[in-house]
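As structure tokens, the structure follows; a few thoughts come after it.
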């Protein structure tokens, strides 16, 4: 029983360490910042194809940062972990909610087209869009944060959720376009939190020592020290 509890505790610690490096925060912050930059690029007169190409490029860069961060920062310090069935189910649930979110987005798009064509004079289209965005984001990030035990997703979800409603409110009330800031400032908050987490992780978690494959611990230790000295 004690051994099982120790394994569960070890797995729980390893699971939490997956998100302790701040790299997922940085990735999600970069995605939101890409949306902010895209709102400004879309008003430069470029073609829709060019705007979409730049946006896709920024998303690919964000994915590259996530991959490189995990590959060259996290894995050398934590190694690779295979989680049990319970954790795999939690990941599957998160993937399902993300797929459901995409479906909700498609349905919202179709509803938007219908409303634009047949909406009555009293209907407030902006309020509908803002409410759908708010509900979708809060549900997706809330459930993902709960299932993945990634509590900072609640903050990230809140930053994502306020973007569209705040942008529509400012545009409707003051008739000014500050989408770069209504999207960019929440993105910057996420990026700052992620960067602080990453710096703390790097300082508190040194890379794992090299594995001695020679069978001679003394020689392996000497060789490891020599390698480190050469790198300095």
**Request:** From the list 108, 130, 100, pick out the single residue that is in a helix (DSSP H, G or I), modelled with pLDDT under 70 and surrounded by 11 or more Cβ atoms within 10 Å (Cβ to Cβ).
**Result:** 108
**Fill in**
Scanning segment 27-62 for residues that are loosely packed, with under 13 Cβ neighbours inside 10 Å and touching a residue at least 60 places away in the same chain (Cβ under 8 Å) gives 43
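Table: residues versus (1) closer than 20 Å to residue 187 by Cβ; (2) part of a loop (DSSP other than H, G, I, E, B); (3) modelled with pLDDT of 90 or more.
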site: 24; (1), (2), (3): yes, no, yes
site: 34; (1), (2), (3): yes, no, yes
site: 38; (1), (2), (3): yes, no, yes
site: 60; (1), (2), (3): yes, no, yes
site: 63; (1), (2), (3): yes, no, yes
site: 83; (1), (2), (3): no, yes, no
site: 87; (1), (2), (3): no, no, no
site: 94; (1), (2), (3): no, no, no
**Yes/no for residue 159 being touching a helix residue (DSSP H, G or I) at 6+ places or on another chain (Cβ under 7 Å), assigned to a helix (DSSP H, G or I) and within 15 Å of residue 28 (Cβ to Cβ)** = yes
**Message:** Against the condition under 18 Å from the mean Cα position of the chain (by Cα), part of a helix (DSSP H, G or I), modelled with pLDDT of 90 or more and surrounded by fewer than 15 Cβ atoms within 10 Å (Cβ to Cβ), how does residue 192 come out, does it pass?
**Reply:** yes
**Odd one out for residue 19 among (1) modelled with pLDDT of 75 or more; (2) surrounded by 13 or more Cβ atoms within 10 Å (Cβ to Cβ); (3) outside any loop (DSSP other than H, G, I, E, B)** = (3)
**Item:** Selection within segment 72-81 - more than 18 Å from residue 28 (Cβ to Cβ) and either modelled with pLDDT of 90 or more or part of a helix (DSSP H, G or I) (or both)
**Value:** 72, 75, 76, 77, 78
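The values are calculated or read from the model by the stated rules, or taken from the named source; none is laboratory data. The model shown is predicted, which means the values in this text are computed figures rather than measured ones. Reconstructed Cβ throughout: ideal geometry from the backbone, glycine too, with neighbour counts over all protein chains shown.
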